[in-house]
1. Starting from residues that are more than 7 Å from every other protein chain (Cβ to nearest Cβ) and at negative phi, keep the ones in region B:26-38 and report whichever is surrounded by the fewest Cβ atoms within 10 Å (Cβ to Cβ).
2. Could you list, in sequence order, the residues of region B:27-59 that are closer than 29 Å to residue A:129 by Cα, part of a loop (DSSP other than H, G, I, E, B) and out of contact with any Ser or Thr (no Cβ under 9 Å at 6 or more places or on another chain)?
3. How many residues, within region A:82-95, are farther than 13 Å from residue A:128 by Cα and part of a loop (DSSP other than H, G, I, E, B)?
4. Among the residues of region A:54-63, which ones are in contact with a strand residue (DSSP E or B) (Cβ under 7 Å, 6 or more places away or on another chain) and surrounded by fewer than 20 Cβ atoms within 10 Å (Cβ to Cβ)?
5. Can you tell me which residue in region B:87-98 is nearest to the other protein chains (Cβ to nearest Cβ), limited to those that are out of contact with any helix residue (DSSP H, G or I) (no Cβ under 8 Å at 6 or more places or on another chain) and modelled with pLDDT of 95 or more?
6. Please go through region B:82-98 and pick out each residue that is crowded, with 16+ Cβ neighbours inside 10 Å and over 14 Å from the mean Cα position of the chain (by Cα).
7. Would you mind finding the one in B:159, B:116, B:133 that is at pLDDT below 90 and not in a loop (DSSP other than H, G, I, E, B)?
8. Give region B:58-81 a look and list any residue that's under 15 Å from the mean Cα position of the chain (by Cα) and facing chain A (nearest Cβ under 9 Å), or say none.
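The values are calculated or read from the model by the stated rules, or taken from the named source; none is laboratory data. Quick caveat: nothing in here was measured; it's all calculated off a predicted structure. Positions of Cβ are backbone-derived with ideal geometry, glycine not excepted, and every protein chain shown enters the neighbour counts.
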2 protein chains.
Amino acid sequence: MDAQSSQALRSLILSRSVGALGTLRDGAPYVSMVLCVPSRDLSGFLIHISRLAHHTQNMLTDPRVSLMIVASEQEHEDPQALPRVSIQGVAEEIPSASREFKQAAEAYLARFPQATTYLALGDFSFFRIVPHTIRFVAGFGRAFSVTPRQLKDIALGGT
Amino acid sequence: MDAQSSQALRSLILSRSVGALGTLRDGAPYVSMVLCVPSRDLSGFLIHISRLAHHTQNMLTDPRVSLMIVASEQEHEDPQALPRVSIQGVAEEIPSASREFKQAAEAYLARFPQATTYLALGDFSFFRIVPHTIRFVAGFGRAFSVTPRQLKDIALGGT
């Protein structure tokens, strides 16, 4: 992938907080909204979700997930050409008593200070989405397959 | 569902053109971006996609899909409370020589005039997503299950 597209992928991931989460519900696709916080090296995407929500029940049954992030729409621009990234991976729950949970809560609150309310609710859990397959559409006809290793290099400022 | 939420669902669907499509790729979820045009009675959502794209190959293998539409983000508002609708349904290809295809092309171009370019490309097809299960999140803690029949009523201005 060229340097410009790598830069575009990095800024897409770092600039957006709303993602579309794909899970399996009785073997069929189920897409719902999540807020996500990428780790600094882009090796994982943190989400904080309610146990009452369908997507949480789905992931506890089958951890295979997909996460898509789309750039903001701009007036007068062709939405078909919007940059977006489709990630496939697995969801891992972060145990609530772990040191990792504390780090997750800090990272999440740094991004979403208003989430303090949800953190206080007992039924919310942190999951990390670990990508194995990444497809980046930089614009019309410009699609790239990206490996998790390449994504880490991009996080560190490489191409 | 109360009248205000019905109205919110209708305006969400009618105001947004970008959707998140969930398909199955080797049995795992795969989320990608599509532009969609709802039919007037909200009984189906038209998408126009390339045969070269992963999601098209996925749907031709297994027609079970999900489509999610999220409201635009607003500055200073909690994104966790964004209205969104998650649809589960099946994707049906519209045969290219049919009368329905002509109607689909007209409806699609009325919404996306710039799509003329893609319509001229031979590898694009129209699919209709027919919902069977609909989940509308109107805001934090306000989630509703909606039947296709209720969605039609909402389309016609009812609740």
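1. B:37
2. Once the filter is applied, which keeps residues that are closer than 29 Å to residue A:129 by Cα, part of a loop (DSSP other than H, G, I, E, B) and out of contact with any Ser or Thr (no Cβ under 9 Å at 6 or more places or on another chain), region B:27-59 yields B:27, B:52.
3. Counting residues in region A:82-95 that are farther than 13 Å from residue A:128 by Cα and part of a loop (DSSP other than H, G, I, E, B) gives 2.
4. Here is the first cut: in region A:54-63, the residues in contact with a strand residue (DSSP E or B) (Cβ under 7 Å, 6 or more places away or on another chain) are A:54-56, A:58-59, A:62-63.
A:54, A:62, A:63, listed by residue number.
5. Looking only at region B:87-98, we keep the residues that are out of contact with any helix residue (DSSP H, G or I) (no Cβ under 8 Å at 6 or more places or on another chain), and these are B:87-90, B:92, B:96-98.
Within this subset, residues satisfying the condition of being modelled with pLDDT of 95 or more are B:87-90, B:92.
Details: B:87: 8, B:88: 6, B:89: 9, B:90: 9, B:92: 15 Å.
Looking at residues that are out of contact with any helix residue (DSSP H, G or I) (no Cβ under 8 Å at 6 or more places or on another chain) and modelled with pLDDT of 95 or more, I get B:88.
6. Of everything in region B:82-98, those that are crowded, with 16+ Cβ neighbours inside 10 Å and over 14 Å from the mean Cα position of the chain (by Cα) turn out to be B:82, B:83, B:94.
7. Numbers: B:159 fails: not in a loop (DSSP other than H, G, I, E, B); B:133 fails: at pLDDT below 90.
Among B:159, B:116, B:133, only B:116 is at pLDDT below 90 and not in a loop (DSSP other than H, G, I, E, B).
8. First, the residues of region B:58-81 that are under 15 Å from the mean Cα position of the chain (by Cα): B:59, B:63-71.
Residues satisfying the conditions are B:64, B:65, B:66, B:67, B:68, B:70.
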